[in-house]
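The values are calculated or read from the model by the stated rules, or taken from the named source; none is laboratory data. Computed from a predicted structure; not experimentally measured. Neighbour counts run over all protein chains shown; Cβ positions are idealised from the backbone, glycine included. Heads up: the accessible areas ignore ligands, DNA and RNA and are worked out on the full protein's heavy atoms, side chains in. Shrake-Rupley method; radii C 1.70, N 1.55, O 1.52, S 1.80 Å.
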Number of protein chains: 2
Amino acid sequence: MSSISVENYLKNIYELEASEKKVTTNIIADKLKIAPASVTDMVKKLSSKGFLRHVPYKGVEVTEKGKRSALKIIRKHRLWEMFLVEVLHFSWDKIDDEAEAFEHIMSERMEQKIDEVLGHPVVDPHGDPIPSKKGIIRHIEYDPLTKVEEGTVVQVVRVNDAHPELLEYISKIGLFLKTKMTVLQRIKFDNSFIVKIGSKKQFLSQRMAESIFVQRV
Amino acid sequence: MSSISVENYLKNIYELEASEKKVTTNIIADKLKIAPASVTDMVKKLSSKGFLRHVPYKGVEVTEKGKRSALKIIRKHRLWEMFLVEVLHFSWDKIDDEAEAFEHIMSERMEQKIDEVLGHPVVDPHGDPIPSKKGIIRHIEYDPLTKVEEGTVVQVVRVNDAHPELLEYISKIGLFLKTKMTVLQRIKFDNSFIVKIGSKKQFLSQRMAESIFVQRV
DNA sequence: ACATTAATTTAGGTAAGCCTAAATTAATCA
DNA sequence: TGATTAATTTAGGCTTACCTAAATTAATGT
């Protein structure tokens, strides 16, 4: 029904580059939920326009030009997510789809207004960095919770937003961005965690811990 | 490049019904800036779906079903305009295009959040009524400034938003929604006006006065 | 009333972005 | 190495919302 925009392709391919060693037609098709043949079409088009580098049967790379375009849309997406949470009081597990739609129609002026109202934030509600207007990303240092030793006090600085169900669960136990907690116990059997949030003990499975990123305090 | 959605057709036709005695193919084409033949296509499609009633070579009418759909999108449009002005500090002459884009992708949830944050407003920044969720419009009584006698004190309750240039000009002279002013003089020569806004005398041409709607206070 | 003019519709075509099925290429492993 | 398998591309098609040009219908003025 509704088709995928050029920037949307670039954004997704750019994001895939971070998690896949080789970005292939099938991987893109899978993420965008369209047929591989359709991806080939679009990849050819975007390559001819200089957004991608494509070696047939091999894979795809985002060019500098493509990267600029991707970062622009990522900035809009994350600013809008921030806005949804801070101003419209959405909960952080329900914002991704909304932001997906809006990012494509957000004008420069709008982007600027939102940035102002929010006071020029540098991370979105999941702790992902918001690229600057010039496309610069300030990376912060952190570790997945799985790397943390028993007894350590940590602060949550990022949560993987790929699975809303995770966000929903951890909200319920009082775990948000900036939350401080103590790692009480690492259970050897399956690498799950007992942490203390506020005065309460809470459980986190290994899969959860892998998606929660923290700094030691 | 970007095509016009079903709701957009309905919204525009619905709005044209208020200002034209007969809504014809050419009038629609003109407003939407597409070829008349394209309008015929779409009108046939919307008629077959029960949104419009179409008598070939004659004209078009919005059905009850079409009206419901139009009012839904108008509600979104006006809520969003209000939001742009109240929360994002846009000026009222620069919001229409922004709202145009957003109205189509605004989810129910989003509509509700915005309505809440704004405190359930009943008019948009130009004084146009915001249809309720059920599609009910509260009409208020007013006259165009052209109907007002010399010496009367009036309050602005609506301004025709069809021409951003008008909005821009009258903002400059301090005329906004809810502004109170005194009609000092009606110039017989060309029906233009001298009004007092605050302590200053300001000029309004007849064309301007026709687009400014007021209540006597 | 009828010829002219203007509005509208019909017919046929285009571009985009998707699809499926078939053909091609690359990777794997016996 | 060569055959099998999996990934990718090519070929051909569909739909949608637009277009232009031609045909049709309605409205207008003498």
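The table below gives the values:
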read-out	value
Average accessible area per residue (Å²) across segment A:120-217 - probe 1.4 Å, nucleic acids and ligands excluded	58 Å²
Portion, in percent, of the accessible area of chain B that falls on carbon or sulfur, probe 1.4 Å	52 percent
A:Glu15/B:Lys65 FRET efficiency (R0 56 Å; Cβ-Cβ; nearest 0.05)	0.85
Qualifying aspartates and glutamates (Cα of each under 17 Å from Cα of A:Lys58; at least 8 residues distant if same chain)	A:Glu17, A:Glu20, A:Asp30, A:Asp41
Partner aspartates and glutamates for A:Lys188 [C-alpha distance under 16 Å; skip if fewer than 8 residues away on the same chain]	A:Glu149, A:Glu150, A:Glu210
Across the identical copies, how the A:Asp190 labels are spaced - nm, sorted shortest first, 7 Å along Cα→Cβ	8.3
Within the protein assembly as shown: Cβ-based charge dipole about Cα centre, in debye rounded to nearest 20 (Lys, Arg +1; Asp, Glu -1)	120 debye
Gap separating the Cα centres of segment B:28-78 and segment A:21-96, nearest whole Å	35 Å
Karplus-derived 3J(HN,Hα), 6.51/-1.76/1.60, for each residue of segment B:176-192, Hz, glycine and proline x	10, 4, 6, 4, 9, 8, 10, 7, 7, 8, 10, 7, 4, 3, 9, 6, 8
Segment A:108-181 and segment B:140-213: distance between their alpha carbon centers, rounded to Å	50 Å
Test item: B:94-102 mean partner chain Cβ contacts at 10 Å	2
Area hidden from solvent between A and B (accessible, protein heavy atoms only, 1.4 Å, total, Å²)	1700 Å²
Average beta-carbon neighbours from other chains, 10 Å sphere, peptide B:111-124	1
Copies compared at A:Phe176 - label distances in nm, ascending, label defined 7 Å from Cα in the Cβ direction	3.2
Helical contribution to [θ] at 222 nm, DSSP H n ≥ 4, -39,500 (n - 2.57), averaged over chain B, rounded to 500	-12500 deg cm²/dmol
Cα-centred dipole magnitude for segment B:143-216, charges only on beta-carbon of K, R (+1) and D, E (-1), debye, nearest 20	300 debye
Across A:Lys33/A:Lys133; A:Lys33/A:Lys76; A:Lys44/A:Lys76; A:Lys21/A:Lys147; A:Lys94/A:Lys133, pairs whose alpha-carbon gap is larger than 28 Å	A:Lys33/A:Lys133
Among A:Leu177, A:His126, A:Val6 the positive-end extreme of the charge dipole of the protein assembly as shown (Cβ point charges)	A:Val6
Calculated P(r) tail over 12 Å for segment A:10-65, as whole % of Cα pairs	61 percent
For residues of B:82-88, the mean tally of beta carbons on other chains within 10 Å	3
With all protein chains modelled, accessible area of B:Tyr14 [1.4 Å, Å²]	50 Å²
Cβ charges +1 (Lys, Arg) and -1 (Asp, Glu), total dipole of segment A:1-74, debye	180 debye
Calculated label separations, A:Lys133, copies of the chain, 7 Å along the beta-carbon direction, nm	4.0
